[in-house]
Amino acid sequence: MIIEKALIKDCLNDNRKAQFKLYKVCYGILMGVCLRYEKNKEDAEEMLNVGFLKIVTNLEKYDSQVPFEAWIRRIMMNTIIDAYRRNKKDREHLEYTDFEEPHFEKESVSYNQAQLDYDAEELLEMIRELPETTGKVFNMHVIEGYSHKEIAAQLNMSAGTSKWHVSHARKELKKKIESIVEPQQDKSKTA
């Protein structure tokens, strides 16, 4: 993503047309991030708008040495994390267990390539169906590349709890995939 310096300058001068142009350029990238964390498109769009407002209001802090896409992704992630913290009281109350020394089972699953050819939207929907905290931790670790230590600091939990959420998400996703794959295998055997 290449953003013209003139566009950023116009945005800094409160040029609404330039800000709208920047919004359109950033929309796809930011929406992709938001859809991984929100259950539906409307909530993702709301989150995107909050994040974009932060981008525009903090544009003077942008360092042109940093890729613009990385900078807006970081702001969007921080916006999502802030919303998570703010809405903590409204979320379902889960009892978290601190798993500092987890003993996770490492199981291998063998599926052929045809079984793994899921539509990205189907996989995204499976992730959205995870409990909220588990889904956020899974996305932050697996998709965004945050370490468990970073996740723990951002979401006010221990690194062990972050690891537990990732492990739990993987188990749940494995169950969901198996529930789809096994009926397909049964159909292919009877055909």
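The values are calculated or read from the model by the stated rules, or taken from the named source; none is laboratory data. Quick caveat: nothing in here was measured; it's all calculated off a predicted structure. Cβ atoms come from the backbone with ideal geometry, glycine included; neighbour counts cover every protein chain shown.
Looking at (1) modelled with pLDDT of 90 or more; (2) over 19 Å from the mean Cα position of the chain (by Cα), which is the only condition I177 fails?
(1)
Here's a check for you: in region 71-85, which residue that is at pLDDT 90 or above and loosely packed, with under 15 Cβ neighbours inside 10 Å is nearest to Q19 (Cα to Cα)?
Here the residue is R74.
Taking F68, is it within 24 Å of the chain's Cα centre (by Cα), buried (at least 17 other Cβ atoms within 10 Å of the Cβ) and modelled with pLDDT under 85?
no
Which residues, counting only those in region 148-176, are over 28 Å from E122 (Cβ atoms) and free of Cβ contacts under 8 Å to residues at least 60 places away in the same chain?
Result: K149, E150, A152, A153, A159.
Looking at region 34-78 only, could you name the residues that are within 24 Å of K5 (Cβ to Cβ) and of a type in the set (V, I, T)?
I55, V56, T57, V66, I72, I75
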